[in-house]
Structures are given as C-alpha cells and as structure tokens.
C-alpha cells in the first residue's frame, strides 16, 4: 500500500495490487485515501463477504465489488472489467472533478488487479 507523508493512501499500482490481494483473500478493506491535491476520503471495499437477504435493486448482486465512500455513497460493481468513469460517477453520485476522476482510477485499478 502506498501512502503519502501524512499516512494517506494514494493511487499507485502497488495500492491496487494490495487492495485486490486482500479482497481475494476474503478480507474487507477500508482506506484513508487522498487525491494528492485537495481531498481526503475514507473508502470501503468488500468482495465475496456478503450474504444476501431479500431482493436487491439497481442490478446489485451479493458477488459485486462493494465500494462505499463514507458519509457519501455506496454501490456494488461487477468486477469483471473496468468501468467507464461516467458509469462510476453515476452509480456513486459523483460529479466530474479531479477528486472523483482519481476515485474512478482507484476503483478501476483495483478491478483490473482482481482480473489478474
């Protein structure tokens, strides 16, 4: 996991690999993340640790990669391929700006590593 001098996780291939490794090992991950410019977000990831009860909406499946931005939004993404950033923005209720572009890069980096 790659961190800046303040102990915040940053986007990097090693960050994506470490998160993907933990998710493949059936561990949930929460990170204190920064876009390295403006913002800090606490972001939660889970894959394969979910028991489903009842019918889910919005196409979410219990086998999805769950991404939660603390105090903002939560969604389950099928981890079979990277996603267009606008799709990630829509599902996580994000607008297009520098921070959210970096969040989309983080999610896609993790998804790419899960496919390895």
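No value in this document is a laboratory result; all are computed from the given coordinates. Being a predicted model, the structure only gives us computed values, none of them experimental. Neighbour counts are summed over all protein chains in view; Cβ atoms, including those assigned to glycine, are modelled from backbone coordinates with ideal geometry.
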Members of segment 1-17 that are assigned to a helix (DSSP H, G or I) and touching a helix residue (DSSP H, G or I) at 6+ places or on another chain (Cβ under 9 Å): 13, 15, 16, 17
Residue selected from segment 56-71 under the condition closer than 13 Å to residue 110 by Cβ and in contact (Cβ under 8 Å) with a residue 24 or more places away in the chain, by the criterion surrounded by the fewest Cβ atoms within 10 Å (Cβ to Cβ): 65
Number of the exception - residue 58 against (1) outside any loop (DSSP other than H, G, I, E, B); (2) closer than 22 Å to residue 95 by Cβ: (1)
Counted residues, segment 68-116 - those being over 14 Å from residue 39 (Cα atoms), assigned to a loop (DSSP other than H, G, I, E, B) and under 12 Å from the mean Cα position of the chain (by Cα): 5
Hits in segment 20-55 - residues which are in a loop (DSSP other than H, G, I, E, B) and either without any contact (Cβ under 8 Å) to a residue 60 or more places away in the chain or within 11 Å of the chain's Cα centre (by Cα) (or both): 25, 26, 27, 28, 48, 49, 50, 51, 52, 53, 54, 55
Output for segment 18-34, where each listed residue is in contact with a helix residue (DSSP H, G or I) (Cβ under 6 Å, 6 or more places away or on another chain) and over 10 Å from residue 113 (Cα atoms): 29
